[in-house]
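Have a look at the structure below, then the notes.
Just so you know, all these numbers are worked out from the coordinates, no wet-lab data involved. Worth saying up front: this structure is predicted, and the values here are computed from it rather than measured. Ideal geometry is used to build each Cβ from the backbone, glycine not excepted, and the neighbour counts take in all protein chains shown.
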Amino acid sequence: MRLLAVALVLLGSLAATTPVVAAPAAETGGRHEVSYDRYSLMVDGERVMLWSGEFHYFRLPSPELWRDILEKIRAAGFTGVSLYFHWGYHSPSPGVYDFTGVRDVDRLLRMADELGLYVVARPGPYINAETSGGGFPAWLKTVEGRARSSDPGYRAAYTEWLGHLNPIIARHQVSRGGSVIAYNVENEYAVNVDAAYMEDLQRQARDAGIDVPIVHNNCCGGNLANWSSGKGAVQIPGVDDYPQSFDCHNPDAWGPWGDGVTRRLRDDAPVYAAEYQAGAIDLNNAGYDKCRELTGPSYMKVFYKNNAIASGATMFGYYMTFGGTSWGWLPQPNDVYTSYDYGSAITESRQLTAKYDEFKRQGYFMTTVAPLTKTDAATAPVPADPAVLARARANPDTGTQFVLVRQADLAGAADLSTTLDWTTPDGRYQVPVRVNGRDAKILVAGYDLGGQRLAWSSSEVLTHVTVSGRDVAVLYGRDGEQGSTVLRYDSAPTVQVLDGEVRHSYEDGDLRLDYRHTGLARVLVTGGGRQPLLLMLGTDETAARFWRQDTSAGPVLVRGASLVRSAEVRGDRLALRADTDRASDVEVFAPVRHLTVGGRPVPVRRTPSGSLLGSLPGPEQVRLPALTNWRHRAEPPGFDESGWTTADKTTTASPIKPKTLPVLYADEYGHHNGNVWYRGRFTATGAEKTVSVNAITGRRGIYLVWLNGRYLGSAPGGTQADSEPVNPDPGRGDFAVPEGLLSAGQQATLTVLVENMGHNDDWTADDVRHKQPRGLFGVAVEGSTAPISWQIRGSLPTDGERGPMNTGGLYGERAGWHLPGDGGGWQNTPGELTPGVSWYRTTFRLDLPRGHDVSLGLRFDDTTDRDYRVLVFVNGWNMGQYLNGVGPQREFVLPAGVLRDHNTLTFAVISTEAAQGDPGPVSLVTLGNHRTGAGADREPRR
Ligand code: GAL
């Protein structure tokens, strides 16, 4: 393995002469060589800026929408995606694996190939990710041997998983004409480490034909340099960093967990920010909008730009770029609830936010300005005001310099204007800069911008393209700030200010432009010994209205539309697939005379800027049906039906041993997801006083207890039995036995419904956390020593279409009440509302405008004083759990694909009090409406 790494490095350094950003591999098809050196990854010797966004396919159960997300990611300038693969999502039981339908990762990788997005494949086996078991299948809890170690029991299990997955990943590698460019083993493997295990994961990958570089994401902001050298080391060690932490209640917080990726872990490998914080889990129920604020554009400007210049990183993974939905039983309940929106740039309902705009501004820059892929630390120009910090890097081949300016005090909020005494490759200049509060800029000097020479600019470069022998460039700055740009010419060029106010002067080869950033100024520069230049000077806002797309005729620019998904030059016509959320102008800078959008011709006129200008219609209005005509059905509490499994095990592989025997852990009986019913029978003495129950459900879970059909009450379940401090009595509830309910010598039946909110993760790699049981942990009847004989009824093995994590063990789920189709037995009026489970159902028809991408949600509007919870099934898909009075989530995203024209909405409602199980007002809501080119005229780039 080490030999291979050396060979790759060698190959890379021989091949890398001119630094350019590599075209995504799939564009050209065929096989390609991936190599790397201390600066960057390379494909066929061309340097790659791996600017990737994290996306979890398993959090979007609609493969057509995977393409929507991947197109949105690509349109923001990302060159790659980082993809976890979720073992438990594919494996309901040992030896059983499913890669069909919503689990078809081959299709996912094919899409990434088609879109020309590089992939960092992250197969775990452990992924964390705030998902049930941290990605482990729950059946692993019944396997002997410590997980995340080289223990033979665990090894046999993960060998199965990798045996299925590795060949799929292998055939999509860049080296085989696909787009997988790196392979990530394990996840933040930092405690209880076992080098033999790390070696085995890599050996298995290599044996399966993985030949791209193997990487690892070290935890904790680069403080740990595990797996950088020695036994088990990977080729490219990366770091994970979440400097803003996860307290979304304090969105003004500023770097409580550090100030970014500044550390190089290996001399012969690029710096890799493997997971860089791009959102946050909502640990304290502040709501994801607050998480989006905590990790908003000013944080992104300061921390992301700082990373690039402080470390010279050229590999980035932004966690999350689209978070999605932990539908079904996907959540790891101690950290998250159904929504995994994550406050990310693309919302759970797939809408683009201000964070997306900031990604685009930075992403276009990072992937346009090729000299960034190879930089060394350089001496920074000294700001006249020490409150401004400057950091510099330079490309050793081109001399291009990059200077970061920000507040010296990371949390500083002052409005600072100063001057940099800057010796650029084109001479020494006094460059005016301003840093107003939480802001940072990367300024460029000595850069061959297309056919131009940029001496320096105090504005930031968004991007530039060359269209028909003319350079078109966009620079930008904060609204209202001054900007200056100096370009070099052999002789005085002709300068025409087409729009806005821009002063210009020419002296000794320097064309200097001075302006205030406002709106979008346009300057046309011709002559001077260079090809013409259209320079546009915008603000953050106007810059973000541009889209850059690659075509066979080279990159083109589009201004307007709410999204440009793709562009194709076909003869003298530009074909765009674009979305609009309102009527807007569309302006294109491309070597064409005609425009189509979504397959339809758009009338255009030529502008003084040489572009084509037309207009696009906005979306039509959406009308949604009211949810009425509910029907009802009560779930029998299971006192006397047959078909239960005897629960009589006396041993368990879990290091957590039960309080009483038999072992009643649901997983021991193959019931890994959702609610579980238990029935215990014993011979009564009549002297029973109290039933004491311990149940473990995960955070926010509950259980309900009946005795001889009489409801005794409910209690919150525990989260774990063995933690710090050790808790021998998790989820304890004591229920008084009503006087006279039991009589001596008669059989008594105890019935318990226990929720399973999902499984703990294994972050600590100690086996204690993830093998925490779910279900009953102990039951004792005070006043009786009679043995209790137990039976259990839980989820059926799997739902072939929706997968193992969709369905739990309610009676109605086992009977298919959550599935579309009538099935009979539903009543028009609710019966008496008793504690326990009752089912509600209605149907509705959607009549959405054609050619639109409408994102819908389901909203609960009840007051919070009633205690019930609802499993939301849409056409049989469990789209989440609403907890009235517990929250915090009220709105549930229902993706297209799960939603169809005709829909069946079914609720399983669990209530703990009589007459409290009616889920109040519920309605469909529109979360986004775009006229879309998504389905139109699609031509994959390969
Ligand atoms: C990282 C981990 C991710 C995710 C993230 C927090 O430590 O690698 O899987 O859990 O934290 O959202």
Item to check | Peptides 571-584, 80-93 ordered by average Cβ neighbours within 10 Å, highest first | outcome: 80-93, 571-584
Checklist outcome for this item: Between ASP734 and ALA414, the two model label points (7 Å from Cα along the beta-carbon direction) sit apart by a distance in nm of 6.3
Item to check | DSSP-assigned coil residues among GluC sites (Glu not before Pro) in segment 77-171, each with at most 14 further Cβ atoms within 10 Å | outcome: GLU144
Checklist entry - Once both axes come from the Cα atoms, what is the angle between helix 63-75 and the longest principal axis of the chain, in degrees from 0 to 90, rounded to 10? => result 30
Item to check | segment 157-258: chymotrypsin sites (Phe, Trp or Tyr not before Pro) in DSSP coil with no more than 16 other Cβ atoms inside 10 Å | outcome: TRP257
Item to check | Per residue convex hull volume, Cα atoms of segment 2-352, in Å³ | outcome: 120
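Quick check: residue separation of SER229 and SER615 times 0.36 nm, minus the Cα distance between them. What number comes out in nm?
133.2 nm
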Checklist entry - How do the peptides 412-418, 502-508, 385-391, 893-899 rank, highest first, by the average count of neighbouring beta carbon atoms within 10 Å per residue? => result 893-899, 385-391, 412-418, 502-508
Checklist entry - Which value in nm describes the separation of the simple spin-label points at GLN531 and ASP267, placed 7 Å from the Cα toward the beta carbon? => result 4.2
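Arrange the following residues from fewest to most other Cβ atoms within 10 Å of their Cβ: THR368, THR424. Could you put the intermediate results ahead of the total?
On the way: THR368 21, THR424 24.
With the sparsest Cβ surroundings first, the list reads THR368, THR424.
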Checklist entry - Tilt of helix 105-115 relative to the longest C-alpha principal axis of the chain, in degrees (0 to 90, nearest 10)? => result 20
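Equivalent-ellipsoid semi-axes (√(5λ), Cα gyration tensor) for segment 578-734, whole Å, largest first?
Whole-Å semi-axes of the equivalent ellipsoid: 65, 23, 15.
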Checklist entry - So how much slack lies between ARG512 and LYS657, counting 0.36 nm per residue of separation and subtracting their Cα-Cα distance, in nm? => result 44.6 nm
Checklist outcome for this item: For the ARG206, ARG710 Cβ pair and Förster radius 51 Å, calculated FRET efficiency rounded to 0.05 is 0.25
Next on the checklist: Angle check, please: helix 354-368 long axis (alpha carbons) against the longest principal axis of the chain (alpha carbons), in degrees 0 to 90, nearest 10.
Outcome noted: 50
Checklist entry - Which of rounded, prolate, oblate describes segment 107-249, given a ≥ b ≥ c as roots of the alpha-carbon gyration tensor eigenvalues and a/c under 1.5 marking rounded, otherwise prolate only if a/b is larger than b/c? => result rounded
Checklist entry - When the dipole is taken about the Cα centre of the chain, and only Lys, Arg (+1) and Asp, Glu (-1) are charged at their Cβ, what size is it in debye, to the nearest 20? => result 1600
Next on the checklist: Are there any GluC sites (Glu not before Pro) in segment 584-656 that are in a DSSP loop and have at most 14 other Cβ atoms within 10 Å? List them by number.
Outcome noted: GLU620, GLU641
Checklist entry - Based on the mean of other beta carbon atoms within 10 Å per residue, what is the order of 608-619, 546-557, most packed first? => result 546-557, 608-619
Checklist outcome for this item: THR690 and THR379 label points (each 7 Å along its Cα→Cβ direction) are spaced in nm at 7.8
Next on the checklist: Per 0.36 nm of contour for each residue apart, how much would the distance between ARG31 and ASP104 grow if the chain were fully extended, relative to their Cα-Cα spacing?
Outcome noted: 23.9 nm
